[in-house]
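This report refers to the structure that appears directly beneath it.
The values are calculated or read from the model by the stated rules, or taken from the named source; none is laboratory data. What you see is a predicted model; the values in this text were computed from it and never measured. Cβ atoms come from the backbone with ideal geometry, glycine included; neighbour counts cover every protein chain shown. Heads up: the accessible areas ignore ligands, DNA and RNA and are worked out on the full protein's heavy atoms, side chains in. Shrake-Rupley method; radii C 1.70, N 1.55, O 1.52, S 1.80 Å.
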Amino acid sequence: MKKTAFNNIHKKFGAKLVDFAGYEMPVQYEGIIAEHKAVRESVGVFDVSHMGEVEVRGKDAFDFVQRITTNDVSKLETGDVQYSAMCLKDGGIVDDLLVYNCGDHYMLVINASNIDKDIKWMQENLSGDVTLKNISDETSLLAVQGKNSLATLQKLTDINLSEIEYYKFVTGNIAGQDAIISHTGYTGEKVCFELYTSSDIKKSEDLWNAIFEAGKEFGIKPAGLGARDTLRLEHAFRLYGNDMDETNNTIEAGLGWITKADKGDFNGKDAVIKAKETQEKKLVGFIVEDRSVARHGQEVFSGDKKIGVVTSGSMSPMLNKNIGLAYIDKGFNKTGTPVEIAVRDKKIKATITKTPFI
Amino acid sequence: MNIPESVKYTKEHEWVKSEGNLCIVGVTDYAQGELGDIIYLDITSDIGSEVKQGDTVGSIEAVKTVSEVFSPVSGKILEINAGINENPSIVNSEPYEGGWIFKIEPSNQDEISNLLDSADYKKLIGV
């Protein structure tokens, strides 16, 4: 199993470690609910170094990224970040990703479980003067999230962090290290940073320790993949592999907003235009009216008719209700529609709900 | 890890405490740690119903996962800990005390004596 540069730190902090996408990752430290609340109420730190980073360079880098992603890269100025997706010709989602415009090149941030697949697929779609470099192994990534993340990190850098707008980034020095400081995150917190740095163990540990020293007054906590999942779900952020995969297109996954059919040609464009017309099913939110949690793979019914399938489900620590996402057939996916979900040997009631949940 | 010697254990990570003519059943400290934050106890067997050893009597929900609750012995279900759903985290904080799950009147004492003792259970979970 691969280890991130923070592996010893996770053990020191008492993490429960699990295999995630081939990496030994912390699923929780103190407990998912406590970590979730730390992020919502103050500040939490996630090691997400398992995420993949790919540099795209060359004269035709723009054309390449524009062609393999669904969002409009021409809108991306240097220092901008864009949420996007990569699609097969039939519209199936290869991965969702962040695109960083670094001026003389792009950086694509992809899901850990898809690194090999994505790079192979990018290579197959390569044309013109473009080179790809997988920098995943040499990159550490910490997500420092929550309202006190700014005050915490501000102690460690001369860069005025409050000037970095949402979905923008700067490169500079933080805690004595070169970093990409990005105002982004997967928690739904407005004040949120992601730091891309060297994966050197000593440097990584120094950075972690500096952040925890700076955040001490705010009760900073380490947070694991468990809390990352409950936090993202409260904001209905999609999780690749759970909420979407190569059998779904971006329209049914509710990612029409990052699918710019008028930007010119791109992979999957025809399929996406067709999907917009048909809308056979749609990924929507639901709130369960039961203490049981609806979980991935459980079937959704209207009366005896199967109308969908749950893709994500969890208790929401902020709502203290059970929430989830499901693909629901046309005709049943409007907000307010009552449905039933088969959970073990019973059917529990749920209502289609607009998202985000909080 | 708290593995008291005063109770018996099952391979499904439950504990059984004999108290006079009844048994109290719960999940072990190891089990609560593996499950993580407990949020709901759903016992589907009715009070007064007869169950056999190994029967599923309900489930225990954590944020991340759900696990079945089995009856470690045959007998009649006498009581279900209603307090858990007021404060589910008590299963995490007091798995052997306030976090007990149900009480059962055993019909076969041999089943109890055949359960694991604390040394066996420690061996099972590798502590």
(request) For A:Lys276, work out the one condition from (1) over 26 Å from A:Gln82 (Cα atoms); (2) surrounded by fewer than 16 Cβ atoms within 10 Å (Cβ to Cβ); (3) of a type in the set (D, E, K, R) it doesn't fulfil. (result) (1)
(message) Suppose we filter A:Ile115, A:Ile180 for residues that are away from chain B (no Cβ under 14 Å) and in a helix (DSSP H, G or I); which single one remains?
(response) A:Ile115
(request) Hey, could you check the stretch B:24-43 for residues that are within 11 Å of another protein chain (Cβ to nearest Cβ) and of a type in the set (A, V, I, L, M, F, W, C) and say which is surrounded by the most Cβ atoms within 10 Å (Cβ to Cβ)? (result) B:Ile39
(request) Working carefully through the options B:Glu68, B:Glu61, find the one that is acidic (Asp, Glu) and surrounded by fewer than 19 Cβ atoms within 10 Å (Cβ to Cβ). (result) B:Glu68
(request) Output yes when any residue across the stretch B:93-105 is within 14 Å of chain A (Cβ to nearest Cβ) and assigned to a helix (DSSP H, G or I), and no when none is. (result) yes
(request) Could you run through the stretch A:211-229 and say how many residues are in a helix (DSSP H, G or I) and away from chain B (no Cβ under 14 Å)? (result) 7
(request) Scan the stretch A:62-88 for residues that are over 22 Å from A:Thr197 (Cα atoms) and either at pLDDT below 95 or polar (S, T, N, Q) (or both) and jot them down. (result) A:Gln66, A:Thr69, A:Thr70, A:Asn71, A:Ser74, A:Ser84
(request) Tell me which residues, restricted to the stretch A:300-358, are assigned to a strand (DSSP E or B), within 27 Å of B:Ile43 (Cβ to Cβ) and of a type in the set (D, E, K, R). (result) A:Lys321, A:Glu340, A:Lys346, A:Lys347, A:Lys349
(message) If I ask for residues that are farther than 26 Å from A:Ile273 by Cα and open to solvent by less than 10 Å² (accessible area, probe 1.4 Å), which ones from the stretch A:113-137 would you list?
(response) A:Ser136
(request) Could you check A:Asn101 against (1) in contact (Cβ under 8 Å) with a residue 40 or more places away in the chain; (2) open to solvent by less than 30 Å² (accessible area, probe 1.4 Å); (3) not small (Gly, Ala, Ser) and say which number it fails? (result) (1)
(message) If I filter the stretch A:313-339 down to residues being within 12 Å of chain B (Cβ to nearest Cβ) and not charged (D, E, K, R), which single residue comes out as farthest from the chain's Cα centre (by Cα)?
(response) A:Asn320
(request) Would you check if A:Val56 is open to solvent by less than 40 Å² (accessible area, probe 1.4 Å), in contact with a Phe, Trp or Tyr (Cβ under 7 Å, 6 or more places away or on another chain), away from chain B (no Cβ under 14 Å) and not in a loop (DSSP other than H, G, I, E, B)? (result) yes
(message) I'd like to know if the stretch A:241-251 contains one or more residues that are farther than 28 Å from A:Leu283 by Cα, among the β-branched types (Val, Ile, Thr), modelled with pLDDT of 95 or more and surrounded by 20 or more Cβ atoms within 10 Å (Cβ to Cβ).
(response) no
(message) Could you tell me how many of the residues in the stretch A:118-147 are closer than 12 Å to A:Val56 by Cα, part of a loop (DSSP other than H, G, I, E, B) and of a type in the set (D, E, K, R)?
(response) 1
(request) Mind listing just one residue for me: the one in the stretch A:263-311 that is within 14 Å of chain B (Cβ to nearest Cβ) and of a type in the set (Val, Ile, Thr) and, of those, nearest to the chain's Cα centre (by Cα)? (result) A:Val310
(message) Looking at (1) away from every other protein chain (no Cβ under 14 Å); (2) within 20 Å of A:Gly215 (Cα to Cα); (3) buried (at least 19 other Cβ atoms within 10 Å of the Cβ), which one does A:Gln28 not meet, given that it meets all the others?
(response) (1)
(request) Keeping to the stretch A:1-25, report how many residues are within 14 Å of chain B (Cβ to nearest Cβ) and either open to solvent by 40 Å² or more (accessible area, probe 1.4 Å) or assigned to a loop (DSSP other than H, G, I, E, B) (or both). (result) 6
(message) Exactly one condition in (1) in contact (Cβ under 8 Å) with a residue 12 or more places away in the chain; (2) open to solvent by less than 10 Å² (accessible area, probe 1.4 Å); (3) within 14 Å of chain B (Cβ to nearest Cβ); (4) over 20 Å from the mean Cα position of the chain (by Cα) is false for A:Phe64; which is it?
(response) (3)
(request) Take the residues in the stretch B:44-54 that are in a loop (DSSP other than H, G, I, E, B) and crowded, with 17+ Cβ neighbours inside 10 Å, then tell me which one is nearest to the other protein chains (Cβ to nearest Cβ). (result) B:Ser45
(message) So, in the stretch A:65-80, how many residues would count as being closer than 14 Å to A:Ile258 by Cβ and in a loop (DSSP other than H, G, I, E, B)?
(response) 4
(request) May I ask you to list pairs of residues, at least six apart or on different chains, whose Cβ atoms are under 6 Å apart, with the first in the stretch A:271-287 being in contact (Cβ under 8 Å) with a residue 24 or more places away in the chain and charged (D, E, K, R) and the second being surrounded by fewer than 18 Cβ atoms within 10 Å (Cβ to Cβ) and assigned to a strand (DSSP E or B)? (result) A:Lys281/A:Asp329
